[in-house]
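One structure is given below, represented as structure tokens, and several questions about it will come after.
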Amino acid sequence: MQVNPKIVKKQFEKHMDKYNQNAIVQESLAKKMVDALCNIQTSYDNILELGSGTGLLTQEIVKRLRYKKYFANDLILNSKKYLDKILPEYSFIQGNAGKIKPPVKMHLIISNAMFQWFKNLEKQTHYLSAFLERDGILAFSTFSPDNFKEIRETCGLTLNYKSIDEIKSALNKDYKILYAEEYTQVLNFSSPLELLAHMKNTGVNSLSSTHWTFKDVKEFCTKYTDTYPDIKLTYAPVIIIAQKITR
Ligand SMILES: C[S@@+](CC[C@H](N)C(=O)[O-])C[C@H]1O[C@@H](n2cnc3c(N)ncnc32)[C@H](O)[C@@H]1O
């Protein structure tokens with residue numbers, strides 16, 4: 001399914017204060033991406049972070065990379081409240097990352113757990129390439145089709161996740177891939193309700209734009225427990241680091 005940025009914004013905004021304690025996968029993903037990036041380059045004059053949220057990636061960047069100017073973007077203005085505690089100085093650009101117009105060119109554009117919401121990855125990464133300096137780096141993490149496979153199998157809800165090969169070919173025209181990694185991480189819950197709360201608190205219930213009735217929730221819980229007695233949920237993250245091709 002395709003997701004409307006307005007719904008994404010609403011879901012994240014509502015549960016932002018509970019995000020950090022639930023975003024175990026997103027936090028280790030941010031660390032892994034910065035680890036990989038450090039093996040390539042640790043110093044970037046201008047950095048633009050897209051979908052900064054509560055700053056899980058921001059805090060990793062501040063610890064591990066050197067930079068002169070930091071630009072952060074999110075659909076949600078409240079992201080600033082979290083970033084103000086992490087970054088001594090920065091510019092905040094509120095809006096859809098696929099449409100913003102940064103004031104200067106960047107040496108690094110980076111994003112954690114956000115690109116899966118882009119409707120057209122090829123178009124969006126092409127758009128972003130215009131804001132990268134010559135040989136600039138685009139680093140992002142997203143998720144592949146096995147992400148939340150239990151949810152897809154139980155109730156058919158899924159995003160249009162791309163496979164790692166599809167992601168690579170979407171970048172093909174504008175970027176050279178420097179690093180690509182995919183892995184899975186499985187979380188276990190004590191009940192399907194705890195799992196639903198986890199998804200809600202990480203903003204992921206934007207998979208469904210319709211409100212679930214009590215009956216829907218009950219049916220989901222029974223089906224989930226029957227199919228997955230260990231109440232597991234699979235995450236399938238992908239990390240990509242690419243360099244702009246300058247023609
Ligand atoms: C899963 S959170 C990730 C937050 C943070 N990057 C992290 O490392 O935990 C996704 C964030 O991206 C933002 N977001 C989603 N779609 C966006 C878009 N099109 N443009 C800008 N921000 C977006 C959401 O508001 C949310 O704060």
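What follows is calculated from the coordinates using simple rules that are stated; it is not laboratory data. Predicted, not measured: the structure shown is a model, and the values here were computed from it. Positions of Cβ are backbone-derived with ideal geometry, glycine not excepted, and every protein chain shown enters the neighbour counts.
Where does each of V204, V217 land when they are ranked from fewest to most other beta-carbon atoms within 10 angstrom?
Ascending number of Cβ neighbours within 10 Å: V217, V204.
Ok, one more. Take the alpha carbon atoms of the range 17-83, find their center, do the same for the range 127-165, and report the distance between the two centers in whole angstrom.
Value for the Cα centre distance between the two parts: 17 Å.
Per-residue counts of other Cβ atoms within 10 Å, averaged by peptide: what ranking do you get for 84-94, 158-168, highest first?
158-168, 84-94
Mind putting a number on the dipole of the chain about its Cα centre? Charges go on the C-beta only, +1 for Lys and Arg and -1 for Asp and Glu, and I need it in Debye to the nearest 20.
800 debye
Still on this model: Based on the Kirkwood radius over alpha-carbon pairs, what value in µm²/s does the Stokes-Einstein equation return for the translational diffusion coefficient of the chain at 25 °C and 0.890 mPa s?
132 µm²/s
May I pose another question? Can you find, among Y44, L233, A23, the residue sitting farthest towards the positive end of the charge dipole of the chain, where Lys and Arg contribute +1 and Asp and Glu -1 at Cβ?
Y44
Right, something else. State, as an integer percentage, the relative contact order of the chain based on alpha-carbon contacts under 8 Å between residues 6 or more apart.
25 percent
If each DSSP helix of 4+ residues adds -39,500 (n - 2.57) and the sum is divided by the residues in the chain, what number results at 222 nm, nearest 500 deg cm²/dmol?
Calculated mean residue ellipticity at 222 nm is -10500 deg cm²/dmol.
Follow-up question, since we're still on this one. As a footprinting exposure proxy, order R134, R247 by other Cβ within 10 Å, with the fewest listed first.
The order, fewest Cβ neighbours first, is R247, R134.
Give me M106, M199, M33 ranked fewest to most by other Cβ atoms within 10 Å of their Cβ, as a rough exposure proxy.
M199, M106, M33
Hey, if you drop one equal point scatterer on each alpha-carbon of the range 106-247 and run the Debye formula without solvent, what base-10 log of I(q)/I(0) do you get at q = 0.09, 0.18 Å⁻¹?
After summing over all Cα pairs, the log10 values are -0.34, -0.97.
Still on this structure: Compute the long axis of helix 5-15 from its Cα atoms, compare it with the longest principal axis of the Cα atoms of the chain, and write down the angle in degrees, 0 to 90, nearest 10.
70 degrees
Under 19 Å from the Cα of K173, which lysines turn up, not counting those fewer than eight places away in the same chain?
Excluding near neighbours in sequence, the set is K119, K123, K162, K244.
Using alpha carbons only, how many degrees (0 to 90, rounded to 10) separate the axis of helix 24-38 from the longest principal axis of the chain?
20 degrees
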